[in-house]
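To keep things clear, I will list the structure first and then write my remarks on it.
The values are calculated or read from the model by the stated rules, or taken from the named source; none is laboratory data. Just so it is clear, the structure is predicted and the values come from calculations on it, not from any experiment. No Cβ is skipped: glycine too gets one built from the backbone with ideal geometry, and neighbour counts run over all protein chains shown. Heads up: the accessible areas ignore ligands, DNA and RNA and are worked out on the full protein's heavy atoms, side chains in. Shrake-Rupley method; radii C 1.70, N 1.55, O 1.52, S 1.80 Å.
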Amino acid sequence: MLEKNYDHKQVEEGKYDKWVDNGYFIGGKDKSKPPFSMVIPPPNVTGKLHLGHAMDTTLEDIICRYKRLRGYDVLWIPGCDHAGIATQAKVEEKLRKQGISRYDLGREKFLEKAWEWKNEYASTIHSQWGAMGLSVDYTRERFTLDEGLNNAVKHVFVTLYNEGLIYQGEKIINWDPVLRTALSNIEVIHSDDEGEFFYFYYDVEGTDERLIVATTRPETMFGDTAVFVNPKDERYKHLVGKNAINPANGDPLPIMADSYVDIEFGTGAMKCTPAHDPNDFALAKKYGFPLIKVLDETAHVNHLGGKYEGMDRYECRKALVEDIKNNGHLCKIEKMVHSVGHSERSGAVVEPMLSKQWFVKMKPLAERLLENQKNPDTKVEFVPKRFENVLLRWMREVDDWCISRQLWWGHRIPAYYNIETGEILVSEKEPDMNLYRQDEDVLDTWFSSGLWPFATMGWPESTEDFDRYFPTSVLVTGYDIIFFWVSRMVFQSLHFTGKRPFNQVLIHGLIRDELGRKMSKSLGNGVDPMDVIEKYGVDALRLFITTNSAPGLDERYVESKVQSTAAYLNKIWNACRYVEMTLGEDYKPSKPNKKELTPIDAAILDKLERTIKSVTKSMDAFQFGQAATALYDFVYDDFCSSYLEMSKIALQKGESKATKDTLFYVMKSIILMIYPYSPFIAEELYCSLPEHLESIMLESYPEYDKAYLNAKAVKAVAILENMIKDIRNYKATNGVAPNAKVNLNISPKEPFKGAAEYLARFAFANSINITKESLSGNPFIYDGCEMIVEEDIDKEALKAKLLKEKEKLIGEVARGEKMLSNPGFVSKAPKEKLALETEKLEKNRKLLSSIEEKLASL
RNA sequence: GGAUGCUUAGCUCAGCUGGGAGAGCACAUCCCUUACAAGGAUGGGGUCACAGGUUCGAGCCCUGUAGCAUCCACCA
């Protein structure tokens, strides 16, 4: 016997461990079933999981649990990402609080600390996965730095190197001066910051003219090599070929003309700093200028800065501007809002800087991806579709990918330098380390994440899992990492396995706070999923979070909705409790016998089948909100409010096996349909049903069964429901107590045989007189019968009500007539629609004329 | 500068391939009826951002406008 109220803590207790211990999450136990596979987007081992993870993983879990019940051999591989830069930043921060820098510790000791950190957070993540109820296969858990992934990474690096797709080069890259590492373009977050635009006078050698050049970064002026103007710019034509004097250090700078310069921008004269700006770098290459670096790896000025040497970039900026002002070369300073790049992890202003790094040559890889997306049989299908364009557009314009990081936590680059000759050796196997030293750098964390779907299955070794489960079926992720992750998995997979990594990608939005803001630490508006679970239960959290928005759209976390979701689960709980009480101890389930059903039973079965059909369709299309809504409407309105009440009549009469079977069949179907969303309560309720299996995980999903469709019963019951509703409403609007007895006259017949009994009970009808004769008075009129409520009430109120109904019907009839007299509609509308409208019009006309008659007789 | 999404009830949001708009919360009235007061019954509340167009018919398709949001690019 179930408790009176749903208690989420009691329900969740012990279930997850039971599932894991019984091996229900392990893939490949029955290989006669078709395979279905997914990989978890590996969370960073940087901290606890947040609501975004909760949504993402719940969607995956819903899909997996649904597919298992649908007869698939499901494999869902879990794992974590070492998250190179993010984790290293966290570990360094922790050390800094103890007054230690990573350089104090040295590489090896630091890595020990990082592994300690990883172990701590991986175990937190494990317990959170458990709390969320994720049905992942722990026997296949992976980590991006484990041995297998390491081998895969080395293999990929060496192969790409040998193919000429990885190269070492000196280019302008994004430098994080706090973490002291290079970053890829997408790890730089641009924000519009207010800054200053400095206008300086440059004396022109051999003339008494001055040129005005504007810059936002005066501290880089020690690395200037030229001043550029546009060749068409009349203001400066006569100066081209002369030298301008750099006001920072007195060096002469040739004045050159190039069409790159925008005449309209600034003063139309631009300084060229090849080692600290990508565009200037390109110009310098074109004209053969030297590349002069003036900042070191912590963004302090180097020896070229003269007296400013050793200053931080901003200190230098301030001092230099002051000095230039003092010697009369400052023209003006303007406030200016411009886009400034910040490091995604440290937040530091990124310094574009010349540096020797490793790159992946993207063009051939991108082209292969783009080509593959044109093939409908092998392309990765995006849900919703539009997100494919995000990927395509980015891939079309992608720059070479800077993959080396000056970090310690990560996959060390398998490149070795001969100590004597400096000759480079790129190899999966470590050479004799007496003769070689390894490259100090590690790889971008996304380099290994990009291999996740196949490396977790054992690739590059040939394994059974890889053969059976790759490509994976679906990937679920947020739109914010299409560039970072999805794209890299796709092109790496195509290049190395020849296949797409997943057949479909389900893209979801972000979770925001109640005010629509991003959840962030700095705002302090983050919601911890574990707090929500504590308060409302994981089933409510899961159901809420996956059903309150449409695919691909952002969603707000609204606590009141979680609360009402928990109330809904309580509703299901109590419905089940009632069903079990009603069925009794010795009930033996069997499929409802169609011949013995009451119209009430037949109607609910019809609605159940329609619900199963629509829920299944939505589930298959990843329309989880729609599926849940269809189920919700059925559970609340059709089942609880209507059927559970009405079925009491048959049950109390005794001979009610068919009704009991209906109760059981519908209840079980509901439990199975809510199960993927809310597995804990579903398991609890399922296991309390008679003749249950060991776990709901071994069950099958409800199948749509056309045999139970019964339109006639549905219509008859609908009329009965309307009658009850009308009587209740009538009482409410006429100030009659809801349980006041009334006498009913019905003509010419009840909606179905025995309907009167229901009226007696649910509308408190005292006597019910069924007559063939036309009713006098003020009847309610239905399709097939009319009903009059005899009660000592205000005739005027009733008349008003009838008039209102008449108005409505006139409108309806007018609508139908207009439609049907429209030759366009009659000739072009589909036949079914035409028939439907014709029938509706006839019905409405009849209803209207009866109402008019009754009104006349008043 | 380019792209995408959003604009529907007081609030938060659904609304699949076009065929008289829905939910939750909130609100009003009544009810502690033996599954559920985390409940039940009944009800009020919407020119579906705006302007055109296509169509027999538009919340849904097309064009444009406005506001909000996000992404990409540029920024000497």
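Tabulated results
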read-out	value
Simple spin-label estimate for residue A:336 and residue A:531 in nanometres, 7 Å along Cα-Cβ	4.4
Heavy-atom accessible surface of segment A:323-386: percent carbon and sulfur, 1.4 Å	50
Estimated FRET transfer efficiency when R0 is 45 angstrom, pair residue A:432-residue A:303 (beta carbons, to 0.05)	0.75
Student exercise, chain A dipole from Lys, Arg, Asp, Glu Cβ charges, in Debye to nearest 20	2840
Sorted peptide list for A:421-429, A:741-749, criterion being average Cβ within 10 angstrom, highest first	A:741-749, A:421-429
Three-way shape call for segment A:654-694 based on the alpha-carbon gyration tensor, with the a/c threshold at 1.5	prolate
Rounded to whole Å, sorted largest first: equivalent-ellipsoid semi-axes of segment A:354-447, Cα gyration tensor	36, 14, 12
Distance (nanometres) between label positions extended 7 Å along Cα→Cβ at residue A:691 and residue A:553	4.3
Candidate lysines - alpha carbon under 22 Å from residue A:325, same-chain residues fewer than 8 apart omitted	A:271, A:307, A:335
Percent accessible area from carbon and sulfur atoms, segment A:9-67, protein chains only, probe 1.4 Å	51
Net length gained if the chain between residue A:103 and residue A:260 were fully extended (0.36 nm per residue, minus Cα distance)	52.2 nm
Angle in degrees between helix A:147-162 and the longest Cα principal axis of chain A, rounded to the nearest 10	50
Accessible area per residue, Å², chain A with all protein chains present, probe 1.4 Å	45
Cα long-axis angle, helix A:644-653 against chain A (0 to 90 degrees, to the nearest 10)	40
Charge dipole of segment A:106-259 about the Cα centre (unit charges at C-beta), most positive-ward option of A:133, A:255, A:150	A:150
Using a Förster distance of 60 Å, the FRET efficiency for residue A:810-residue A:698 (Cβ separation, nearest 0.05)	0.55
Inter-site label distance for residue A:279 and residue A:846 at 7 Å from Cα along Cβ, in nm	7.8
Semi-axis lengths (Å, descending) of the ellipsoid that matches the C-alpha gyration tensor of segment A:477-632	39, 25, 13
Chain A, relative contact order [Cα under 8 Å, separation at least 6], %	12
Positive-end extreme of charge dipole, segment A:458-616 - chosen from A:590, A:530, A:476 (charges on Cβ)	A:476
Net dipole in debye of segment A:8-100 [+1 Lys, Arg Cβ; -1 Asp, Glu Cβ; about Cα centre; nearest 20]	80
Chain A: proportion of alpha-carbon pairs further apart than 57 angstrom, %	31
Per-pair calculated FRET efficiency, R0 = 25 Å: residue A:621 and residue A:591 via Cβ, rounded to 0.05	0.30
Low-density loop cleavage sites - GluC sites (Glu not before Pro) in segment A:205-303, where at most 11 other Cβ are within 10 Å (DSSP)	A:234, A:264
Phi-based couplings in Hz for segment A:358-373 (Karplus 6.51, -1.76, 1.60; Gly and Pro marked x)	9, 10, 9, 6, 7, 4, x, 5, 5, 5, 4, 4, 4, 4, 5, 5
Dipole of chain A [Lys/Arg +1, Asp/Glu -1 at C-beta], most positive-end residue of A:458, A:421, A:360	A:458
Extended-chain gain in nm, criterion 0.36 nm per residue less alpha-carbon gap, residue A:574 and residue A:151	146.9 nm
Net length gained if the chain between residue A:821 and residue A:397 were fully extended (0.36 nm per residue, minus Cα distance)	146.9 nm
Crossing angle, helix A:313-326 versus chain A [Cα axis fit, 0-90 degrees, rounded to tens]	60
For segment A:110-149, size of Cβ-based charge dipole, Lys and Arg +1, Asp and Glu -1, in debye	120
Cα Rg over Rh - segment A:153-305, Kirkwood	1.05
Three-way shape call for segment A:279-350 based on the alpha-carbon gyration tensor, with the a/c threshold at 1.5	rounded
Nearest-10 value in Å² for the accessible area of residue A:180, using the 1.4 Å probe	70
